[in-house]
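Input: a single structure, listed below in structure tokens.
The values are calculated or read from the model by the stated rules, or taken from the named source; none is laboratory data. Please read these numbers as outputs of a predicted model, since none were measured by experiment. Cβ coordinates were reconstructed from backbone atoms using ideal geometry, including for glycine residues, and neighbour counts include every protein chain displayed. Accessible surface areas use protein heavy atoms only, side chains included; no ligands, DNA or RNA. Shrake-Rupley method; radii C 1.70, N 1.55, O 1.52, S 1.80 Å.
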Amino acid sequence: KNPNVWGQAMHDHGYHKGECSHLYASVMFKGKVHFIDDVEEKKHAFKVIIDQLEPNMEDRDRFAKSTGIPTTVVMYIEVEEMTGKKSEEINL
């Protein structure tokens, strides 16, 4: 009922020995969530993700033909604001 979302992701690099400090990089965002109902749009979304993550072409094809896609909940977040920070010791 409420499409407004807020989220945070953090890459934890662990305790910085001898400095009493923690190494990290983080991002916070707010936006609106949109659910995708159309099966062809869902397939396209999965294809975009799989093409970026799966190096094996045979696995890409197998995932693209999955019979579970129509019943899988797929959504995306329209980011309206985003901010982030990192500890000074990290060079990302």
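Summary table below
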| item | result |
| --- | --- |
| Loop sites in the range 1-78: trypsin sites (Lys or Arg not before Pro), DSSP, at most 11 other Cβ within 10 Å | K1, K17, K65 |
| Percentage relative contact order, the chain, counting C-alpha pairs under 8 Å, at least six apart | 37 percent |
| Solvent exposure ordering (accessible area, 1.4 Å, most first) of M28, M75 | M75, M28 |
| Note, ³J(HN,Hα) from phi for the range 79-87, Karplus 6.51, -1.76, 1.60, rounded to Hz, x at Gly and Pro | 6, 9, 9, 8, 8, x, 7, 8, 5 |
| Built amide H within the under 5 Å cut-off of H13, gap 5+ | L23, Y24, A25 |
| Listed residues T83, H13, P70: farthest to the positive end of the dipole of the chain (Cβ charges) | P70 |
| Restraint check, K1/K43; K1/K42; K1/K30; K32/K86; K42/K85, Cα-Cα greater than 28 Å | K42/K85 |
| Loop-exposed GluC sites (Glu not before Pro) per DSSP, neighbour cap 16 Cβ within 10 angstrom, longest uninterrupted part of the chain | 20-87 |
| Sites H13 and A45 - FRET efficiency at Förster radius 30 Å, r taken between beta-carbons, to 0.05 | 0.45 |
| Convex hull volume of the range 25-92 per residue (C-alpha atoms, cubic angstrom) | 111 Å³ |
| Debye, to nearest 20: dipole size of the range 1-60, +1 on Lys, Arg Cβ, -1 on Asp, Glu Cβ | 360 debye |
| By accessible area with a 1.4 Å probe, ligands and nucleic acids excluded, highest first: order of T83, T72 | T83, T72 |
| Potential lengthening between D61 and D38 on full extension [0.36 nm per residue; Cα-Cα distance subtracted] | 6.3 nm |
| With every protein chain in place, the chain: carbon and sulfur % of accessible area (1.4 Å) | 55 percent |
